[in-house]
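The values are calculated or read from the model by the stated rules, or taken from the named source; none is laboratory data. It should be emphasised that the depicted structure is a prediction, and the values quoted were computed from it without experimental measurement. Just so you know, the surface numbers come from the protein's heavy atoms only, side chains and all, with ligands and any DNA or RNA stripped out. Shrake-Rupley method; radii C 1.70, N 1.55, O 1.52, S 1.80 Å.
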Amino acid sequence: MLTRIANDNDNATVFIRPRDIDVAPNPNGIATIQTVSFLGDQARLELAIDGNPTLIEAELHRDQLRSDKLGRGQRVQLKARQGRLYDTGAHGA
């Protein structure tokens with residue numbers, strides 16, 4: 001599933017794949033881990049970003065989850081490695 005991030009006042013939307021989101025522990029980060037689930041050696045996180053009602057998903061290797069000691073309720077910093085930006089503004093008239 002792609003994550004869609006948009007602001008009501010913006011004319012653009014960015015789509016980011018869950019595997020393209022870096023997650024790092026940071027008590028002053030912009031997101032909170034809501035849920036953690038596992039599928040094989042992969043971990044899927046559902047994250048709540050401050051000020052955005054939509055949860056986003058990030059995928060990372062189970063070993064990173066353990067080594068960074070990431071868990072439910074923890075504050076984290078997010079960084080998108082890549083995404084696609086789409087202009088959603090009105091064109092012409």
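A few points about this structure:
- Accessible surface of segment 31-93 [probe 1.4 Å, protein heavy atoms]: carbon and sulfur percent: 50
- Calculated accessible area for segment 29-93 comes out at 67 Å² per residue, all protein chains present (probe 1.4 Å; ligands, DNA, RNA ignored).
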